[in-house]
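The values are calculated or read from the model by the stated rules, or taken from the named source; none is laboratory data. Computed from a prediction, not measured in an experiment: that's the story for all the values here. Every residue, glycine among them, receives a Cβ derived from its backbone with ideal geometry; neighbour counts consider all protein chains shown. Heads up: the accessible areas ignore ligands, DNA and RNA and are worked out on the full protein's heavy atoms, side chains in. Shrake-Rupley method; radii C 1.70, N 1.55, O 1.52, S 1.80 Å.
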Amino acid sequence: MKRYTLFIVGLFLCLGTTKAQSSVDTQIAVNDSKQDKTFVVIISNENYKHEEAVPFAKNDGEVFNIYCQKTLGIPEDHIRFAPDATLGEMNFSIFWLGNMLKAYDGEAKAIFYYSGHGMPDENGKEAYLLPVDGFSQSTEGALSTKSLYSKLGEMPSRNIVVFLDACFSGAKRDGKMLASSRGVAIKVKDDPVADNTVVFSAATGDETAYPYKSQKHGLY
């Protein structure tokens with residue numbers, strides 16, 4: 001499969017309403033078929049110890065979990081949902097996914113979903129996913145997308161779909177900067193992915209992934 005990196009902003013705008021609960025949460029298609037050879041990791045980091053919270057990130061992960069089960073027909077025990085994950089929990093979730101795929105000897109599929117803070121490395125222009133116990137001025141406690149794609153690429157799978165609802169410019173969902181000392185957005189490099197991997201991202205390397213406040217979700 002050829003690599004595609006797609007940048008989608010406001011994908012669900014047409015689904016929104018002005019009601020208290022979003023139609024994304026209530027108008028969920030139900031599919032009777034089962035995808036019993038698909039495994040999913042969902043990481044939704046909202047409540048950070050050293051950074052401001054990411055509005056609605058946990059809600060995004062919870063609803064994506066429901067869609068995986070009801071719309072895609074993925075069994076509940078094939079989904080690992082890790083809200084407010086530390087770096088250890090994020091790495092374990094990736095380890096779990098690899099073990100599940102190995103058991104099917106390349107015949108299974110995978111989905112990796114992340115909502116939360118992304119951050120740049122100011123020196124190397126690398127992109128990172130920030131665990132809830134990490135902080136934006138150090139990459140040592142973060143997961144690089146380069147490392148993530150490398151680990152996913154080594155897994156025996158028919159195909160892997162990655163959803164990233166994060167921005168990697170140093171900005172937060174409200175448009176302000178993660179670190180007050182960082183005055184300008186940083187454009188990070190695109191990391192290569194395996195031929196069987198497709199990446200959907202809420203923003204390009206120097207853009208911001210905004211919230212959709214009336215719907216209590218990220219705009220993505």
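Considering each residue of the range 17-34 in turn, none proves to be over 17 Å from the mean Cα position of the chain (by Cα), within 19 Å of M155 (Cα to Cα), part of a loop (DSSP other than H, G, I, E, B) and modelled with pLDDT of 90 or more.
Here G98 does not fit the description of being within 15 Å of the chain's Cα centre (by Cα) and not charged (D, E, K, R). Please find, within the range 125-157, the residue that is farthest from S93 (Cα to Cα) out of those that are over 17 Å from the mean Cα position of the chain (by Cα) and free of Cβ contacts under 8 Å to residues at least 12 places away in the same chain. Among those residues, the one meeting the criterion is S138.
Tell me, which residue of the range 127-177 that is of a type in the set (S, T, Y) and open to solvent by less than 10 Å² (accessible area, probe 1.4 Å) is modelled with the highest pLDDT? Selected residue: T145. Scan the range 67-74 and give yes if some residue there is free of Cβ contacts under 8 Å to residues at least 60 places away in the same chain, among the aliphatic types (A, V, I, L, M), within 23 Å of P156 (Cα to Cα) and buried (at least 22 other Cβ atoms within 10 Å of the Cβ), otherwise no. Within the range 67-74 (the criterion being free of Cβ contacts under 8 Å to residues at least 60 places away in the same chain, among the aliphatic types (A, V, I, L, M), within 23 Å of P156 (Cα to Cα) and buried (at least 22 other Cβ atoms within 10 Å of the Cβ)), the answer is yes, since at least one residue qualifies.
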